[in-house]
1. Taking the range 114-131, which residues are assigned to a loop (DSSP other than H, G, I, E, B) and surrounded by 13 or more Cβ atoms within 10 Å (Cβ to Cβ)?
2. Got a number for residues in the range 86-113 being surrounded by fewer than 20 Cβ atoms within 10 Å (Cβ to Cβ), in a loop (DSSP other than H, G, I, E, B) and in contact with a strand residue (DSSP E or B) (Cβ under 7 Å, 6 or more places away or on another chain)?
3. So which residues in the range 19-70 are part of a loop (DSSP other than H, G, I, E, B), closer than 18 Å to residue 126 by Cβ and under 17 Å from the mean Cα position of the chain (by Cα), if there are any at all?
4. Would you mind finding the one in 210, 174 that is in a loop (DSSP other than H, G, I, E, B) and over 30 Å from residue 46 (Cβ atoms)?
5. Quick check: is even one residue across the range 19-34 surrounded by fewer than 16 Cβ atoms within 10 Å (Cβ to Cβ), out of contact with any helix residue (DSSP H, G or I) (no Cβ under 7 Å at 6 or more places or on another chain), in the same structural domain as residue 133 (by TED's automatic domain parsing) and modelled with pLDDT of 95 or more?
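The values are calculated or read from the model by the stated rules, or taken from the named source; none is laboratory data. In this text, all values refer to a predicted model and were calculated from it rather than measured experimentally. Note: ideal-geometry Cβ built from the backbone for every residue, glycine included; neighbour counts use all protein chains shown.
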């Protein structure tokens, strides 16, 4: 049941059946032999990789979007982001950066510069096969109007928040936000607190974040 590296062994896929597929979902059922010999039918959701952006404007306000989420049936505030379009002949990280910058621009009209990869995570490796990339940028400026995708009901409102206040809401369990976005914001807080090369206008924010994290 363990491989040569003393890790749990991969399951052997015996058969695969497509259950549903459209532009929103790709569901298959894999019949697998587990490492202990059990034969199991396992459902897998195949998604494109996801991207989002932790962006701050020139006043170090956090740029968020308020968007209706039909799964929960409510409007939810979160990071600008979306599904990643595949790009040929470039690395996944570079494609993800392009995608995150595009999502920020389309959903908010803001453009960032010198975006950096903040964190790469697995949304739900038990039943999904994709990755989520979060990027980080300061000094985002509004250069365009919002540009929503046509035909899928996309609409969101740009929201600016004080970053430390958002962190406070998270710690007090008052932030109704997607779990991956909360993880990304904590990663951003850690990055800001430890960075030695933030722009001058972010120095005050860094002091406030450090003070918040130290309690």
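1. Correct list: 115, 123, 124, 129, 130, 131.
2. Looking only at that region, the number is 2.
3. 46, 47, 49
4. 174
5. no
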